[in-house]
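Asker: Starting off with a structure, shown below.
The values are calculated or read from the model by the stated rules, or taken from the named source; none is laboratory data. All values reported here derive from a predicted model rather than from experimental measurement. Please note: Cβ atoms are built from the backbone with ideal geometry, for glycine as well, and neighbour counts cover all protein chains shown. When the accessible area is computed, the model is the full protein with side chains, heavy atoms only, and any ligands, DNA or RNA have been set aside. Shrake-Rupley method; radii C 1.70, N 1.55, O 1.52, S 1.80 Å.
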Amino acid sequence: KGVDEFSIENSYVHDTQGNGVWCDVYCNDVSSYFNAFHVHDNFIANNGRAGVRFEEAADSGQDSQPTAGEALIENNEVRGNGTNSVRGGISVHDAQHALIRNNRFGAVTLAGVFYPSNVSSIAVRVTDSGRSDRPDTADVNVVNNTLNGETIKTCGGVVICQGNL
């Protein structure tokens, strides 16, 4: 978990009791080569909550922070997450400026090991609590992901979903 933007790549994140990878409390901007909460090219499986969570990060609207960061979540294998809380493989909550692209979801057997679907077959879940003390969810794009029978919750409005199979 981080409160400043960070990058995690080429990692195996698995079997945590909570969220696998998480940026929260504005996920503050950090000047660096990636300039985002950048989660890419990972295998993220069997975590108790979301495999990836981007939460409470917004630079406009209620309870915003001008230094709030952005999220780029791409090219990950996201399998079997949410056993303790149905948050989906990737969860965006009370946050803005997220791009979720080219990730793969759904049950799969790799090297003889079976990885189930994310709980309730939710690949991506985008939510807004509606609380006045938290940012409004906006500018979330979910594009070109391979769902393998899983679903995206909350497309439309502030969430754009395109090209997901």
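Asker: Of (1) modelled with pLDDT under 95; (2) outside any strand (DSSP E or B), Asn81 satisfies all except one. Which?
Answerer: (1)
Asker: I've got another one for you. Quick test for you: out of Ile73, Ile44, Ile122, Ile100, pick the one residue that is farther than 19 Å from Lys1 by Cα, modelled with pLDDT of 95 or more and not hydroxyl-bearing (Ser, Thr, Tyr). Please lay out each step first, then the result.
Answerer: Working: Ile73 fails: farther than 19 Å from Lys1 by Cα; Ile44 fails: farther than 19 Å from Lys1 by Cα; Ile100 fails: farther than 19 Å from Lys1 by Cα.
Only one candidate passes the filter, namely Ile122.
Asker: Can you name the residue in the range 142-154 that is crowded, with 16+ Cβ neighbours inside 10 Å and assigned to a loop (DSSP other than H, G, I, E, B) and is also modelled with the lowest pLDDT among such residues?
Answerer: Top of the filtered list is Thr154.
Asker: Which condition does Asp59 not pass, out of (1) crowded, with 16+ Cβ neighbours inside 10 Å; (2) under 20 Å from Val39 (Cα atoms); (3) not polar (S, T, N, Q), if it passes all the others?
Answerer: (2)
Asker: Answer yes or no: is there a residue in the range 35-52 that is open to solvent by 50 Å² or more (accessible area, probe 1.4 Å) and in contact with a Gly (Cβ under 9 Å, 6 or more places away or on another chain).
Answerer: yes
Asker: Identify all residues within the range 89-141 that are β-branched (Val, Ile, Thr) and either crowded, with 17+ Cβ neighbours inside 10 Å or under 16 Å from the mean Cα position of the chain (by Cα) (or both); write none if there are none.
Answerer: Kept after step one, since they are β-branched (Val, Ile, Thr), are these residues of the range 89-141: 90, 92, 100, 108-109, 113, 119, 122, 124, 126-127, 137, 140.
Hits for the range 89-141 are Ile90, Val92, Ile100, Val119, Ile122, Val124, Val126, Thr127, Thr137, Val140.
Asker: Give the range 117-141 a look and list any residue that's in contact (Cβ under 8 Å) with a residue 60 or more places away in the chain, in a loop (DSSP other than H, G, I, E, B) and closer than 18 Å to Asn102 by Cα, or say none.
Answerer: Selection gives Asn118 alone.
Asker: Given the structure, is Val25 in a strand (DSSP E or B), open to solvent by 40 Å² or more (accessible area, probe 1.4 Å) and farther than 21 Å from Leu147 by Cα? Quick ask: steps written out before the conclusion?
Answerer: Details: in a strand (DSSP E or B): yes; open to solvent by 40 Å² or more (accessible area, probe 1.4 Å): yes; farther than 21 Å from Leu147 by Cα: yes.
Criteria met by Val25.
Asker: Now, a different point. Considering every residue within the range 56-76, establish whether at least one is more than 13 Å from the chain's Cα centre (by Cα), over 15 Å from Ala98 (Cβ atoms), part of a loop (DSSP other than H, G, I, E, B) and among the aliphatic types (A, V, I, L, M).
Answerer: Among the residues of the range 56-76, not one is more than 13 Å from the chain's Cα centre (by Cα), over 15 Å from Ala98 (Cβ atoms), part of a loop (DSSP other than H, G, I, E, B) and among the aliphatic types (A, V, I, L, M), which makes the answer no.
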